[in-house]
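The values are calculated or read from the model by the stated rules, or taken from the named source; none is laboratory data. The shown structure was predicted, so the numbers you read here are calculated from the model rather than taken from an experiment. Glycine gets a Cβ as well: all are built from the backbone with ideal geometry, and neighbour counts include every protein chain shown.
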Amino acid sequence: MIVKMKKYTFLVYHKDYGHFLDSLQEKGVLHVKERGSTNIEGGEQQDKLLLLNRIQEAIRFLEKKIDPNLNGGLAPIRQGNEILQYLDNLTHQYELMEQSISFIKKDVAVLEPWGSIDWRTIEKMENEGWSISFFSAPIRNWKPEWETNYNAFQIAQNSGNVLFVTITRRDEKFEIEADKVNLPRKELEVERTEIAKLHQEKNNIDGELRSFAILNISSLRHYKNQVLQEFDFDKVVLNTNKVAEGKIALLEGFIPVDREVEFQKFLDNEALFYEAGIPEVTDKVPVLLKNNRFARLFEPIGDLYTLPNYHELDLTAFYAPFYWLFFGFCVGDTGYGLVLMSTGFIMARKVSLRFKRIMILLGFLGISTILFGLISGTFFGMNLYELRIGFYASLDDLLKSKNTDINQALFKLSLLLGAIQVIYGMFVKVANEIHQTGFRSAFSTIGWIIILFGIGIHLLMKKIGIDLTTVAIVSGIILFVGFLGAFIFSNPERNILINFALGFWGAYNMATGLMGDILSYIRLFALSICTGILGYVYNSIAFSLAPDIPVVRILVIALILIVGHSINLMIGILGAFVHPMRLTFVEFYKNAGFSGGGKKYLPFKNRIIN
């Protein structure tokens, strides 16, 4: 559900405004209303935003360098700007080392095929009128007469090429079918030594960075909160309207109603005028969600799309059970479910508070996977119906006696779940419309729900053998009531003839859209089948490729099974995460009349913890 908000308007004398903002920030409950777009380009706000990005990048860099086994040897640097400057110097030195190593490695890569070259001797020969040239040619192009004609000496063979040197008089002109190689006049061993030296210096800098990270990352995080707090303060000032020739500061904001009593006690001690009231429909009220423990686990999934509008219903609690079921349907393997459940609940005790909720969610999704794995009869790719293990043998016989099997049952179940969620979404839409604009605005949706149920009741009555006259009367009354809501009174503020004409357009959209929405849920069955088939394939590969050597056979089977099922599980999790989310955001949200576009409740607060 969405927490109710109270709108506050403050009028503060300009000399008292700074003190009031300090107190307001310390209180930390007011979400300041933005006055349209505030331009920060070229001002202090832009500079602080760039500084925040720089600090965040530095924190991410240092987090990767932290080694719990190191105690560090540097004295901590307290000032945030000094930390950034010192870090920039260290990283600059580190990058220079990497660049130097890269350049030298290129020279070494060129020199290595030629071995150690005595450049002093070559220089001495060149001073005496000789020309020493280095060539590379394909082995097939090598000609023995080059040894006589050009004093050619083979040095090495490298990747199908022959490397050779010619020694000729400087004034001797000749042409040879080979590529001339320009070697850097450097000693190979000297270059290797230089690389080793640079690597050592680089490692020293890396060690210094690790020590630096341990000692200063807390100070850097504190500095980030400090700058962020100043940024928030400046942002509030920008969203303040000056009235009475600048003598009065006008500020608007929102607070949760459950914090109102405490907040008003705070205001009674401040020198200001304020007014509290219910937000208008046109107000962009911030959204704060408050759900039960189960639905709260699914809030991050809804956040991936958008928050609900403040004036509509929060759909988290409505889609959470379906998402839970759909995830298990998509993976649909008892063995994989046990892995997910145990991983989630065990890791929830070990990870930080930030990831605890995600791990608990993973554990619950594992339970859903176990449930559908038991229904589909799949355990790490093994089909328990085909193996006729336990009650699955009796269940398989029962399905066959009715000319069906578990796959057909799962196919129908996916469509049934889709129909349930879509129609359930229409009921939610009725509640949403009543919540926002009153009962009259829900006539159209109620009418279509009655029509759908009327059609269902008509078919059901005919199937169970009720006489046609009764069927016609009962279904006719129900359909007529639905017709009034969908075609005649769909919008009480419009003319009846216009409503009637638009009702046909709604009928077309309902007939085509409803069918398309329900058919979308076939993806649940398809993903479940794919996961099971891939698991079966990995099992077959493991046992067919394993050699007959006893110990080796077990090791090969275990390796293939572990790798194969790990890949299959990862693919299954990805599909089970994305496709139920798609069904939620498209099919369910559309039929539930979800608008979205809400802005998260972010109170103006003190970010520095002393």
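The set of residues in the stretch 447-474 that are among the basic types (K, R) and loosely packed, with under 12 Cβ neighbours inside 10 Å contains only K463.
Report whether or not L569 is surrounded by 15 or more Cβ atoms within 10 Å (Cβ to Cβ) and either within 30 Å of L304 (Cα to Cα) or in contact with a helix residue (DSSP H, G or I) (Cβ under 6 Å, 6 or more places away or on another chain) (or both). When the stated conditions are applied, L569 passes them. Of the residues making up the stretch 171-228, those that are of a type outside the set (F, W, Y) and more than 46 Å from the chain's Cα centre (by Cα) number 19. Residues that are hydrophobic (A, V, I, L, M, F, W, C) and under 39 Å from the mean Cα position of the chain (by Cα) within the stretch 368-399 comprise I370, L371, F372, L374, I375, F379, F380, M382, L384, listed in sequence order. Scanning the stretch 152-204 for residues being under 24 Å from A137 (Cβ atoms) and not in a loop (DSSP other than H, G, I, E, B) gives a total of 19. Here F233 fulfils each of the conditions (1) hydrophobic (A, V, I, L, M, F, W, C); (2) surrounded by fewer than 19 Cβ atoms within 10 Å (Cβ to Cβ); (3) part of a strand (DSSP E or B) apart from (3). Looking at Y323, Y385, Y305, just one residue is closer than 30 Å to Y589 by Cα, assigned by TED's automatic domain parsing to the domain that holds T437 and in contact with a helix residue (DSSP H, G or I) (Cβ under 7 Å, 6 or more places away or on another chain), and that residue is Y323. Scanning the stretch 569-580 finds no residues that are without any contact (Cβ under 8 Å) to a residue 40 or more places away in the chain, part of a helix (DSSP H, G or I) and small (G, A, S).
Residues in the stretch 300-325 that are under 19 Å from the mean Cα position of the chain (by Cα), surrounded by 18 or more Cβ atoms within 10 Å (Cβ to Cβ) and part of a helix (DSSP H, G or I): I301, G302, T316, A320, Y323, W324. The single residue among N499, N539, N495 that is more than 40 Å from the chain's Cα centre (by Cα) and either surrounded by 16 or more Cβ atoms within 10 Å (Cβ to Cβ) or modelled with pLDDT of 80 or more (or both) turns out to be N499. In the set N241, N225, N269, N216, only one residue is crowded, with 18+ Cβ neighbours inside 10 Å and among the polar types (S, T, N, Q); that residue is N216. When I255 is tested against the conditions (1) hydrophobic (A, V, I, L, M, F, W, C); (2) closer than 15 Å to K4 by Cα; (3) assigned to a loop (DSSP other than H, G, I, E, B), the lone failure is (3). Comparison of K356, K429 shows that the only residue that is closer than 30 Å to V281 by Cα, of a type in the set (K, R) and part of a helix (DSSP H, G or I) is K429. When R140, R210 are screened for being in a helix (DSSP H, G or I), in contact with a helix residue (DSSP H, G or I) (Cβ under 9 Å, 6 or more places away or on another chain) and not aliphatic (A, V, I, L, M), only R210 passes.
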